[in-house]
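The values are calculated or read from the model by the stated rules, or taken from the named source; none is laboratory data. No experiment lies behind these values; they were computed from the predicted model shown. So basically every Cβ, Gly included, is an ideal-geometry build from the backbone, and we count neighbours across all protein chains shown. The area values use the complete protein model at the heavy-atom level, side chains included, leaving out ligands, DNA and RNA. Shrake-Rupley method; radii C 1.70, N 1.55, O 1.52, S 1.80 Å.
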Amino acid sequence: MYRLSMKSDNKLVFYKMLLDKYADIINQKEQRTVGEIKSLINPDDLSVQSLVAKFKPDTFTMEKDYLYTAQQLFEFVTQEIHYTPNELNINFWLTPTDILANKVSDDEDLAVRVCTSLFALGDVNVMVYVMEMEDLRTHAVVISDINGKTLLLDPSVSHGFFKYYGDKSYVFKKYRFEGKKLKRALYRFNAATYEQFL
């Protein structure tokens with residue numbers, strides 16, 4: 001048992017060494033234009049359509065069914081996809097198919113996954129926000145304005161769908177990631193919009 005564990009640890013060290021060595025090449029290849037970042041929110045992706053169809057009622061209307069259906073989609077993602085922090089010096093984007101096939105994702109790709117599903121339901125206000133935390137790390141969340149209230153979803157942690165729903169200042173005051181508060185938004189995007197706040 002110990003020998004297998006050592007072998008596994010050695011493999012991880014080796015893989016990390018290789019990734020660190022080629023990080024600059026990978027980062028250059030993974031750079032995205034504003035248009036390419038917006039296109040990550042692709043409600044026409046077949047894996048997105050398939051997932052949304054599992055939960056969307058045949059007689060779906062935004063007014064009557066949106067929040068319940070969005071809740072089911074959010075809960076599915078948080079239960080089925082495991083948040084794995086990106087501890088490498090590499091920036092990359094996973095496709096919805098990659099995420100569903102491997103059941104792992106970092107915070108940005110998880111946020112894109114949830115945002116895309118809610119956008120596919122017809123929520124044109126939903127956006128991925130990449131935030132700076134009070135400890136200066138970045139973290140991605142999903143935010144929408146619904147019926148004059150702010151809904152913040154963080155698919156990288158397990159929380160109730162309505163935990164961060166209400167007045168915007170209340171939501172931002174209440175939200176924590178690993179005990180840290182949000183400091184400011186760096187940028188936000190969906191399929192139609194990209195806005196930078198630097």
Can you name every residue in the stretch 160-173 that is at pLDDT 95 or above, open to solvent by less than 80 Å² (accessible area, probe 1.4 Å) and not small (Gly, Ala, Ser)?
Phe161, Tyr164, Tyr165, Val171
I'm trying to understand the selection: among the residues of the stretch 145-159, which are under 16 Å from the mean Cα position of the chain (by Cα) and surrounded by fewer than 22 Cβ atoms within 10 Å (Cβ to Cβ)?
Leu152, Val157, Ser158, His159
The residue that is nearest to Leu51 (Cα to Cα), considering only those in the stretch 91-146 that are touching a Ser or Thr at 6+ places or on another chain (Cβ under 9 Å) and among the acidic types (Asp, Glu), is Asp98
Just give me the residues in the stretch 107-143 being part of a loop (DSSP other than H, G, I, E, B) and touching a residue at least 60 places away in the same chain (Cβ under 8 Å), in sequence order.
Leu121, Gly122, Asp123, Val124, Val126
Taking the residues in the stretch 122-142 that are open to solvent by 10 Å² or more (accessible area, probe 1.4 Å) and hydrophobic (A, V, I, L, M, F, W, C) as candidates, determine which candidate is nearest to the chain's Cα centre (by Cα).
Met127
Taking Val104 as meeting all but one of (1) within 19 Å of Leu46 (Cβ to Cβ); (2) free of Cβ contacts under 8 Å to residues at least 60 places away in the same chain, write down the number of the exception.
(1)
Count of the stretch 56-115 residues which are open to solvent by 60 Å² or more (accessible area, probe 1.4 Å) and of a type in the set (Gly, Ala, Ser)
1
